[in-house]
Amino acid sequence: MKSRILLICAAASLAVVSLNCTKQADNPIKLGMMAESTGPNAESGAYQINGANMAVEEVNSAGGVLGRPFSIRIEDNQGTNPGAVLALSKLTSGNDLTALIATVRSTQIQAVAPTVLKAGLPMMMGGTDYGLTHSNNPWLFRTRPNDGYSAKVIAEYGVNGLKLKKWAIIHSTDAFGNGGKDRLTESLKALGVTPVTVQGFTSNSQDFTPIVLAIKQSGADVMATYIANSTDVAIFAKQLRQLGIRIAWVGSPSISTATAMKLAEDALYSTDSIADFSADSSPEAQAYATKYKAKYRIDPDFYSAWAYDGVKLLALAIKNANSTKPDDIRKALLNIKDYKGVEGTYSFDKNGDGLHGYNIVKNDKGKILFVKHIDFAPEP
């Protein structure tokens, strides 16, 4: 009789465990992501979605977080500010999300920042405009280095590394491009250099002839670019080469993206760029690149890497907080130090910036070669 009672108790316990597991599986931790599924930058959006989905799959295959799986809902932001606002409004219309993943477009993040503040949800973002994490919005967390660091690295490498002093700055006239231009001008000034020409253009332009001619007439021997869209990079690069300009070029990460290199082909050969993600920069980046290529049959770039890290950082914060409450996650993110991601080693400062330096890479006939990493101390 005693043995029978024990068996009944054991069976009941297993049934309870099974029921709890079923309830947990039916109660996922929900993430919301806006990405460019349509529009001129849909290819970069596909990379972002790939990276995020891969991270979610890995989190879930390891047992989820707090015994619950991740799920991710994606809304198309159409590559525009109004589209971003609409996408985030759809995501935050209910009360079931735990955290958000944004985009690399700084201008779109500016547009949705009031919605994020009102929703009170931590949002991982890839936009690099310095002001985004200095706008008194406690819910914005950046999983790429900001342009304060990118400008310092570009200036340091170009002036002291390449020994070039006659600079042209070309930039898109959005939040990313304007912010990068301003930061680079400051960084060059600190090294005793004043640009010989500064030229801006509207994203998705088709004719860069006036800008190319201005570069030629300026006598510049090095050019720095802050161009938001990879498609713009490709068009500009081809027109630049067609008109005979072959000066040194040190660009923002967009010139070493898979999309830009595929469209521009040899027009981007021998260019240098900063890159927050480089497959050869660390063992973590190498492992990620191998897994990504095996899964999607293409090489990854930063568009996928920052989203992958964003999901993994959220998983770590939720685990460390032992909570899915937004404010607990926010505090746990700020306490993450020395986490080795695929983009770099994360130590969040009080503003929500996790990374504090960039890689220098070179386009060697269509192959991206890692040159070196330049890091700076986090802001106090």
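The values are calculated or read from the model by the stated rules, or taken from the named source; none is laboratory data. Note that the coordinates shown come from a computational prediction; the quantities given were computed from them, not determined experimentally. Cβ placement follows ideal geometry from the backbone for every residue including glycine, while neighbour counts extend to all protein chains displayed.
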Candidates Ser278, Ser273, Ser304, Ser254 - the one that is crowded, with 22+ Cβ neighbours inside 10 Å and in a strand (DSSP E or B)
Ser273
I'd like the full set of residues that are of a type in the set (A, V, I, L, M) and free of Cβ contacts under 8 Å to residues at least 24 places away in the same chain, limited to the stretch 58-74.
Ala62
For residues that are within 17 Å of Ser203 (Cβ to Cβ) and more than 18 Å from the chain's Cα centre (by Cα), scanning just the stretch 70-83, find the one that is surrounded by the most Cβ atoms within 10 Å (Cβ to Cβ).
Gly83
Quick check on the stretch 65-72. Is at least one of its residues at pLDDT 95 or above and closer than 30 Å to Thr185 by Cβ?
no
Would you check if there is a residue in the stretch 33-48 being modelled with pLDDT under 95, loosely packed, with under 10 Cβ neighbours inside 10 Å and not in a helix (DSSP H, G or I)?
no
Among the residues in the stretch 84-100, are any buried (at least 24 other Cβ atoms within 10 Å of the Cβ), under 22 Å from Lys295 (Cβ atoms) and not polar (S, T, N, Q)?
no
Scanning the stretch 307-332 residue by residue, those over 23 Å from Asp276 (Cα atoms) and surrounded by 15 or more Cβ atoms within 10 Å (Cβ to Cβ) turn out to be Ile318, Asn320, Ala321, Ser323, Thr324, Pro326, Asp328, Ile329, Arg330, Lys331, Ala332
Answer residue from the stretch 173-204, given it is surrounded by 13 or more Cβ atoms within 10 Å (Cβ to Cβ) and among the polar types (S, T, N, Q) and is farthest from Thr133 (Cα to Cα) among those:
Thr197
With the requirement that a residue be in a helix (DSSP H, G or I) and more than 24 Å from Asn50 (Cβ to Cβ), what does the stretch 85-115 give you?
Val85, Ser89, Gln110, Ala111, Ala113, Pro114, Thr115
Of residues in the stretch 205-245 being in contact (Cβ under 8 Å) with a residue 40 or more places away in the chain and acidic (Asp, Glu), the one surrounded by the fewest Cβ atoms within 10 Å (Cβ to Cβ)
Asp221
Regarding Ala220, is this residue of a type in the set (Gly, Ala, Ser) and outside the structural domain of Ala155 (by TED's automatic domain parsing)?
no
Name, by its number, the condition in (1) touching a residue at least 60 places away in the same chain (Cβ under 8 Å); (2) farther than 25 Å from Leu140 by Cβ; (3) of a type in the set (Ser, Thr, Tyr) that does not hold for Tyr303.
(2)
Being under 17 Å from Gly354 (Cα atoms) and among the aliphatic types (A, V, I, L, M): is that true of Leu100 here?
yes
Give the stretch 156-190 a look and list any residue that's in a loop (DSSP other than H, G, I, E, B) and either within 14 Å of Ser252 (Cβ to Cβ) or touching a Gly at 6+ places or on another chain (Cβ under 9 Å) (or both), or say none.
Leu164, Lys165, Lys166, Thr173, Asp174
Any residue at all in the stretch 290-302 that is closer than 21 Å to Ala55 by Cα, touching a Leu at 6+ places or on another chain (Cβ under 7 Å) and at pLDDT below 95?
no
Go through the stretch 290-299 and give me each residue that's in a helix (DSSP H, G or I) and either on the phi > 0 side of the Ramachandran plot or touching a residue at least 24 places away in the same chain (Cβ under 8 Å) (or both).
Lys291, Tyr292, Lys295, Tyr296
